[in-house]
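Colleague: My questions all concern the structure below.
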Amino acid sequence: MVAKASRKPLSRERVLAAAVSLADREGIRAVTMRRLAADLHVEAMSLYYHLPGKDALLDGLAESVVAELTGAAGHVRTDEQDWRGRLRRQFLAARAVMLRHPWAPALLGTRRTIPAGLFAYYDGIVGTLAGAGFSYHLAHRALHAFGSLPLGFAQETFSPASAGGSMEDGAAEADLAAMAEAMPHLTAMVTAEMHDADDMLGWCDSQVEFEFTVDLLLDGLARLRG
């Protein structure tokens, strides 16, 4: 039997905070209504008043992450004369959020609804570019070039294992062995770039690679602006 609810009232915010904490500890697959109810010491049905189903729960998790991104962006030092530095700091602040929640990149890519706050987040990026003298036409192209970098992660072109990739050595070695003969150059590149670090958000998304891509794009935009 589930223990009696604590005196602290149940709310959508409290449920989502517990869901984020659970995902951080055990991964997104561990986040179920039943498990959350157990962690919160309430009956599972009481959660549906605040989040009516698994999709609503996952959408809420995405909103929570975007709220953190927005909060991190708000703490970035503002310097109207240093648009490049501001965007770089903002993207790195977003990456710090993703490193705290390594399950978030995959989650954001699966949601069918736009998380609350995301449009405002990107509006701020466009505002930074426009304030630095970029046309809206070039700002639009910049957003396409940035891809997911403003959200703190680089989208993977491919990753070991068909079911979303694997960071396990055995799985990676098996994939490399299978592709070595047919794709020697790609295999050689992948072998040379394999990492073992704490700042990985994907099989090919390390801090060094993330910063390299951000700097490359910002340098290119600076040249285009003239």
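Colleague: Scanning segment 133-157 for residues that are free of Cβ contacts under 8 Å to residues at least 40 places away in the same chain and assigned to a helix (DSSP H, G or I), which turns out most open to solvent (accessible area, probe 1.4 Å)?
Modeller: The qualifying residue most open to solvent (accessible area, probe 1.4 Å) is Tyr136.
Colleague: Looking at Ala106, Ala116, Ala154, Ala177 in this structure, which one is modelled with pLDDT under 95 and touching a strand residue (DSSP E or B) at 6+ places or on another chain (Cβ under 6 Å)?
Modeller: After ruling out the rest, the residue left standing is Ala154.
Colleague: Would you pick out the residues in segment 32-82 that are modelled with pLDDT of 90 or more, open to solvent by less than 30 Å² (accessible area, probe 1.4 Å), of a type in the set (Val, Ile, Thr) and part of a loop (DSSP other than H, G, I, E, B)?
Modeller: Hit for segment 32-82 is Val42, nothing else.
Colleague: It is to be established whether one or more residues within segment 84-91 are farther than 24 Å from Asp215 by Cβ and open to solvent by 10 Å² or more (accessible area, probe 1.4 Å).
Modeller: The answer is no; no qualifying residue exists.
Colleague: Quick check: anything in segment 101-114 among the hydroxyl-bearing types (Ser, Thr, Tyr), closer than 21 Å to Ala62 by Cβ and open to solvent by 50 Å² or more (accessible area, probe 1.4 Å)?
Modeller: Yes, that holds for at least one residue.
Colleague: Pick from segment 7-31 the residues that are in a helix (DSSP H, G or I) and open to solvent by 90 Å² or more (accessible area, probe 1.4 Å): which of them is farthest from Pro102 (Cα to Cα)?
Modeller: Only one residue fits best here, namely Glu13.
Colleague: A further question follows. Taking segment 115-130 as the search range and keeping residues that are without any contact (Cβ under 8 Å) to a residue 12 or more places away in the chain and not small (Gly, Ala, Ser), which one is most open to solvent (accessible area, probe 1.4 Å)?
Modeller: Phe119
Colleague: Which of the residues that make up segment 207-226 are part of a helix (DSSP H, G or I) and farther than 18 Å from Ser148 by Cα?
Modeller: Answer for segment 207-226, where residues must be part of a helix (DSSP H, G or I) and farther than 18 Å from Ser148 by Cα: Ala222, Arg223, Leu224, Arg225.
The values are calculated or read from the model by the stated rules, or taken from the named source; none is laboratory data. Treat the numbers as computed from the prediction; the structure is a model and nothing was measured. Ideal geometry is used to build each Cβ from the backbone, glycine not excepted, and the neighbour counts take in all protein chains shown. SASA here: full protein model, heavy atoms, side chains in, ligands and nucleic acids out. Shrake-Rupley method; radii C 1.70, N 1.55, O 1.52, S 1.80 Å.
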